Amino acid sequence: MNNSRLASRYAKALFSLAKERDQVEVVNRDLSNLNGLLKESPDFRWLLESPVIMATDKARIAETILRDLIEPITLDFVKLLLNHRREANFASTCRMFVELFKADQGILEANIESAVTVDPKFLEGLIGRLEASSHRKIEMKTETNEALIGGFILTLEDQQLDASVQSKLKRIRQELRESKK
């Protein structure tokens, strides 16, 4: 079976169980933390990816490490993945669960890319306007890109507003080329 389909099935099953037990937010927090741990800890990643460690040993070690860090429902899920040799799907399952959580909670992801660090007051106002117009909670990520020269690029789901100086210069350059023809 396709890895993304498999991860999707595991994520949906966990989401359904967490919803049933009214622990969706807790599981979301745990999986976000575990996904961060995967990215930041080579030892933890090695434990999950190592083909020489048996599945039962991985589950036992993971339980020892994670017992006090995550809720039992999440720990049982991690052990289930490990016991069924699905550790390769762990990161994608975490991501898919977070997507299900955000959809359920009505959270939209937005990204603002700017040439300089965005002023917090501007960002707060922008988030407020986006939430008012979409009637959903906005989770904003920011990044700086000096190549934009000035202005910003706002991305909200599949929509993008490019108000960067770089794109304006490109348009002017294109118009000049076309006018010379």
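The values are calculated or read from the model by the stated rules, or taken from the named source; none is laboratory data. A quick note: this is a predicted structure, and the numbers were derived from the prediction, not measured. For neighbour counting, all protein chains shown are included, and Cβ atoms are generated from backbone atoms with ideal geometry for every residue, glycine included.
So here's what we get for this one:
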quantity: Residue ID - modelled with the highest pLDDT, chosen from residues in the stretch 13-36 that are hydrophobic (A, V, I, L, M, F, W, C) and within 14 Å of the chain's Cα centre (by Cα); calculated: Leu31
quantity: Residues satisfying the stated conditions in the stretch 82-121, i.e. small (Gly, Ala, Ser) and within 30 Å of Ile149 (Cα to Cα); calculated: Ala110, Ser114, Ala115
quantity: The stretch 1-16, subset over 15 Å from Glu99 (Cβ atoms) and touching a residue at least 60 places away in the same chain (Cβ under 8 Å), residue surrounded by the fewest Cβ atoms within 10 Å (Cβ to Cβ); calculated: Asn3
quantity: Positions within the stretch 127-143 being farther than 20 Å from Glu99 by Cβ and surrounded by 12 or more Cβ atoms within 10 Å (Cβ to Cβ), in sequence order; calculated: Ile127, Thr142
quantity: Single residue of Glu139, Glu146 found to be over 22 Å from the mean Cα position of the chain (by Cα), charged (D, E, K, R), at pLDDT 90 or above and assigned by TED's automatic domain parsing to the domain that holds Val116; calculated: Glu146
quantity: Identity of the residue in the stretch 49-82, polar (S, T, N, Q) and over 22 Å from the mean Cα position of the chain (by Cα), that ends up farthest from Phe15 (Cα to Cα); calculated: Ser50
quantity: Cβ pairs under 7 Å, 6+ apart, first in the stretch 75-87 and surrounded by 14 or more Cβ atoms within 10 Å (Cβ to Cβ), second in a helix (DSSP H, G or I) and of a type in the set (Asp, Glu); calculated: Leu75/Glu63; Lys79/Glu63; Leu81/Glu87; Glu87/Glu49
quantity: Inter-residue pairs, beta-carbon under 9 Å, first assigned by TED's automatic domain parsing to the domain that holds Gly151 and in the stretch 166-180, second surrounded by 11 or more Cβ atoms within 10 Å (Cβ to Cβ) and part of a helix (DSSP H, G or I), 6+ apart; calculated: Gln166/Leu148; Ser167/Leu148
quantity: Only one of Phe101, Phe152 that is of a type outside the set (Ser, Thr, Tyr) and under 30 Å from Thr74 (Cβ atoms); calculated: Phe101
quantity: One residue from Asp57, Asp43, Asp30, Asp22 being assigned to a loop (DSSP other than H, G, I, E, B) and either assigned by TED's automatic domain parsing to the domain that holds Glu99 or surrounded by 15 or more Cβ atoms within 10 Å (Cβ to Cβ) (or both); calculated: Asp22
